[in-house]
Amino acid sequence: MLDLLPDLCDEHPEKVEILAPIFKDFGAQTTFWGKVVTVRCFEDNSRVRELVATPGTGKVLVVDGGGSVSRALMGDQVAATALENGWAGVVINGAIRDAATISTMAIGVKALAASPMKTEKRGLGDTDIAVTFAGVTINTGDYIYADINGILVSQEALSHHSF
């Protein structure tokens, strides 16, 4: 299952949208997938912290941070909480920090960059809304599939012989 996305694109070309290749892998789990939960927040990770503290049950948190890399929307403590609560991965249109520590964690993490600055905690952000970045609109309830080839989204779960 090293190259999941090419296989899914071959098997389901009409059902997938590919995000622009602007993300880097930060977690030790480079192949991950799951049902999406969305959050939009700008330089404030309050909602991200709240969501990863809930049961993830194999879901993927999709965070639209507006593309800002000035402040990290996830650090090692938030990543550890996500892992403990069963989240399969996190896709962040923004930055993370504690990149060396996160690289040792068995969770999928894709983000634009690493930034050492933490966010302010003002309790701002919206959850379960449509987010658009990297050329694709993603909704809570969609499915994300990610590997070292990139990220794709589908409105339905995709079957694949090696799942």
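Some points to look at:
- Alpha carbon Rg of region 4-154, scaled by the compact-globule rule 2.2 N^0.38 Å: 0.93
- Residue-averaged 222 nm ellipticity for the chain, from DSSP H runs of 4+ at -39500 (n - 2.57), nearest 500: -4500 deg cm²/dmol
- Look at where the Cα atoms of region 87-163 and of region 35-60 average out, and the two centres are 9 Å apart.
- Electrostatic tally near Thr104: other residues with Cβ closer than 14 Å to its Cβ, Lys and Arg +1, Asp and Glu -1, net -3.
- Set of aspartates and glutamates with alpha-carbon distance to Lys59 below 12 Å, sequence-local pairs under 8 removed: Asp142
- Of the beta bridges in the chain, as assigned by DSSP with both residues counted there, near 50 percent are antiparallel.
- Dipole of the chain computed with +1 at Lys/Arg Cβ and -1 at Asp/Glu Cβ about the Cα centre; of Pro13, Val78, Gly56, farthest Cα towards the positive end is Val78.
- Inter-label distance, Thr104 to Thr132: 4.2 nm, where each label sits 7 Å from its Cα along the C-beta direction.
Quick note: the coordinates plus some simple rules give every number you see, no bench work behind them. In this text the structure is predicted, and so the values were computed from the model without any measurement. Virtual Cβ from ideal backbone geometry, glycine too; neighbours counted across all protein chains shown.
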